[in-house]
Amino acid sequence: MAQPLMPKATAVWLIDNTGLSFRQIAAFTELHELEIQAIADGDVSQGIVGADPIANSQLTREEIARCEADPRQLLKMAKSDLPRPRAQAKGARYTPVSKRQDRPNAIAWLLKHHPELSDAQICKLIGTTKDTIGKIRDRSHWNSSNLTPRNPVTMGLCIELDLEKQVVIARNKNPEKVVRDLEPDPLPEELQITPEPDLPGKGKEANRPQDYKAAAENLFRS
């Protein structure tokens, strides 16, 4: 069952205006029964004005009367045509002021070790802006010469679980980019091995062991 609006204020009203038991009020407001008892005793919720659930279209008088007549019954929320309030979408992660100076180093680390992450994912992880990420990527940031890539997890800018989750999402979205990033860089030209030229004769067939044996026999005969 969905929790009513202003559960403590609703509990105050039900305690003052109905004969419902603490158990019934606790079940409806999704508060602990001991908390309901403390509200009734005046130990908590001092100064809270009771909210009428009937006026808010959360309960009906008939529903309250039904449960007052039988303490074993539980209140049922009234159906309303009014839309339920939606939870506000989470924005960028908040970063304490004391740690904001560490964000450029964390961005540099993420760009180096997890290039598959999008700018939006980095913003969500450590609470930065796309403009800052772009400046660090193209080395136009005012402090680029002094940046040292550092793991944002060890600096407390995000948790390991969130970082791993974003990495998995990025790799699932663009697996080809991950493969390209994992391919080793080609060796320098001076370290590359040049194959030996074939011996004169019939191309590669001249290098067969039987050709060397025939050549040795002709040498002894001569």
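One line per residue, one yes/no per condition, for (1) in contact (Cβ under 8 Å) with a residue 12 or more places away in the chain; (2) assigned to a loop (DSSP other than H, G, I, E, B):
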{"residue": "A27", "(1), (2)": "yes, no"}
{"residue": "A40", "(1), (2)": "yes, no"}
{"residue": "G47", "(1), (2)": "no, yes"}
{"residue": "I54", "(1), (2)": "no, yes"}
{"residue": "Q58", "(1), (2)": "yes, yes"}
Point to revise | Options N174, N146: the member that is at pLDDT 90 or above and not hydrophobic (A, V, I, L, M, F, W, C) | key: N146
Check your understanding: Out of (1) in contact with a helix residue (DSSP H, G or I) (Cβ under 6 Å, 6 or more places away or on another chain); (2) more than 16 Å from Q3 (Cβ to Cβ), the odd one out for R66 is which?
Key -> (1)
Review point. So D81 fits all but one of (1) at pLDDT below 90; (2) touching a helix residue (DSSP H, G or I) at 6+ places or on another chain (Cβ under 6 Å); (3) of a type outside the set (A, V, I, L, M); what number is the exception?
Key: (2)
**Study point:** Unique match (being touching a Lys or Arg at 6+ places or on another chain (Cβ under 7 Å) and modelled with pLDDT under 90) among D198, D181, D185
**Key:** D198
**Study point:** T95 being among the β-branched types (V, I, T) and at pLDDT 90 or above
**Key:** no
**Study point:** Candidate set: the stretch 149-168, residues that are at pLDDT below 90 and closer than 12 Å to R103 by Cβ; chosen: the one nearest to the chain's Cα centre (by Cα)
**Key:** C158
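The values are calculated or read from the model by the stated rules, or taken from the named source; none is laboratory data. A quick note: this is a predicted structure, and the numbers were derived from the prediction, not measured. All Cβ positions, even for glycine, are placed from backbone atoms using ideal geometry, and neighbour counts span all protein chains on display.
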